[in-house]
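Colleague: The structure follows.
The values are calculated or read from the model by the stated rules, or taken from the named source; none is laboratory data. Just so we're clear, the structure is a prediction, and the values are computed from it rather than from any experiment. Positions of Cβ are backbone-derived with ideal geometry, glycine not excepted, and every protein chain shown enters the neighbour counts. Surface areas here come from the heavy atoms of the whole protein model, side chains and all, with no ligands, DNA or RNA. Shrake-Rupley method; radii C 1.70, N 1.55, O 1.52, S 1.80 Å.
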Amino acid sequence: MSTGTVPRAGSTGTGEGTVVPGRVPGRRGRAAVWAGIAVVGLVLAVLTVAVRGTPGPSEHELDPASTTASGSRALVRVLEQRGTAVDVVRDADRTGTGTVFVDDGDGVLSAAVAGRLVRTARHVVLVTTQPAVLQAVGLDVRDTRAVDDAVSSTGSCPIPAVRAAGSVTATGTGYRVGADGDGGARVERCAPSGDGADRVWGIVRTTTAGGDVTVLGTTAALRNDTITTAGNAGLALGLLGGDDRLAWYVPTPGSADAATTLGELAPPWVPSVLLLLALVAVAGAVWRGRRLGPLVVEPLPVVVRAAETTEGRARLYARTRDRTHALDTLRTAALFRIGRRLGLPRSAHVDDVVRAAARATGRPDHEVGAVLVGGPTGTDAALLDGVHALDDLERAVHAATTGTDHHDRPGARP
């Protein structure tokens, strides 16, 4: 409970209401702090934009120009050596009507563009996990999951180019598709992984209006680091090297072929409004922060004396019959008084106080410890005995430190 005043930072703590006012920064100081915060935020924003705007090395998997482990430069060179010209395009209108490899690993291809490609090209090899795109090419894909198997056999595959490879690195994506495609088109599955209900297929082909489309989930077969493993090279050449020209189509975000994003659907004024709301929120936070101001001393309407607080807690202990807590409170106070009388510091351990009191009174350590520490108190008689024992020990310590007989003091209990 309070004594009537609230001491502010800088108070000496001696006496009620004694306050030493601390230095309160003025308006210039607060303005300098907020200006510093704004400058730091601006610098961090500029650095973030600069770092994000700096072009770095390509990390796109199956990049036809990349010589890293995840790129496909080795496959492109082999195709060119065998007479297949590889034309990397970013526009679906430039793919042509022959063999088209669609690398939608980033999942940005529009379903409408995918449907147009499979209607115009004879052979489409598609790398994607987007349900809308797979539905647009005529496949009822029920589920997809990542596959990390080592090698999968393709000797019984109904697709000739895949069957000729013999085996393929199955790492990539597995598909679980329905029995038939749209319009009852035949669906051929190869490169299985898993057993029973968990079985998925790494390569799926179905017929289209313009020819056929092969969904390739075993993308590890095209990478530079695994192109020479198992029958990966034969698989890649069989699927992509059948014509004199291969259109390597990579959809890019934000292009006309990309799927519409939420940002593109929003009106053009939405970013400006969001920025304005952010500025209003910052201004509101600064305004509310300035309203707090420094702490002030305010007299309380009621002064509660320490004796009343003690009596109130005692009534709570009595009402709840918490005898152990009540006696522990008295023991703690007695420990503090005895330690102070024996010249021990406030930080002295309980064991130090017990040993010092035992030496001063000539009692055994365990006897003094039982009085000052003790244990649970289950009955009113035990509570009274503990209180009397504390009184006797304090009188004995007082007598030992002052040289008087505690039995001769007024009010001493016989």
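Colleague: Using packing as a proxy for protection, rank 189-201, 316-328, 238-250 so that the peptide with the highest average count of other Cβ atoms within 10 Å comes first.
Modeller: Values: 189-201: 16.8, 316-328: 14.8, 238-250: 19.8.
In descending order of packing, they fall as 238-250, 189-201, 316-328.
Colleague: Using a simple spin-label model with points 7 Å from Cα along the Cα→Cβ vector, what separation in nm is obtained for L274 and R73?
Modeller: So the label points at L274 and R73 sit 3.7 nm apart.
Colleague: Along each of the three principal axes of the Cα atoms of region 312-414, give the extent in whole Å, ordering the values from largest to smallest.
Modeller: 41, 32, 25
Colleague: Can I ask one more? Please compute the Kirkwood hydrodynamic radius over region 197-240, one decimal place, Å, based on all pairs of different Cα atoms.
Modeller: Every distinct Cα pair counted, the radius reaches 11.8 Å.
Colleague: Would you mind listing how long region 84-214 runs along its three principal axes, going by Cα atoms, in whole Å with the largest first?
Modeller: 41, 31, 27
Colleague: Using alpha-carbon positions, what is the distance between the centroids of region 189-259 and region 84-126, in Å?
Modeller: Measuring centre to centre over Cα atoms gives 12 Å.
Colleague: Ordering L383, L390 by how much accessible area each has at a 1.4 Å probe, largest first, what is the list? Display every interim value, and only then the final one.
Modeller: Values: L383 40, L390 10 Å².
The most accessible residue leads, giving L383, L390.
Colleague: Which FRET efficiency, nearest 0.05, do D225 and V304 yield, Cβ-Cβ r, R0 56 Å?
Modeller: That gives a FRET efficiency of 0.10.
Colleague: Still on this model: How do S110, S272, S347 rank by accessible surface area computed with a 1.4 Å probe, from largest to smallest?
Modeller: The residues order as S347, S272, S110, largest area first.
Colleague: In region 303-372, carbon and sulfur make up what percent of the accessible area (probe 1.4 Å)?
Modeller: Working: 2490 of 4780 Å².
Heavy-atom surface of region 303-372 belonging to carbon and sulfur, 1.4 Å probe: 52 percent.
Colleague: What FRET efficiency, computed as 1/(1 + (r/R0)^6) with R0 = 56 Å and r the Cβ-Cβ distance, is obtained for V40 and A381, rounded to the nearest 0.05?
Modeller: Working: r = 68 Å, r/R0 = 1.22.
After rounding, the FRET efficiency stands at 0.25.
Colleague: Pop a pseudo-label 7 angstrom from the Cα along the beta-carbon direction at both D198 and V88 and give the gap in nm to one decimal.
Modeller: Going from the D198 label point to the V88 one covers 3.8 nm.
Colleague: Points 7 angstrom from Cα along the Cβ direction at D106 and A146: gap in nanometres?
Modeller: Going from the D106 label point to the A146 one covers 2.1 nm.
Colleague: So how exposed is V43, as accessible area in Å² (1.4 Å probe, rounded to 10)?
Modeller: 80 Å²
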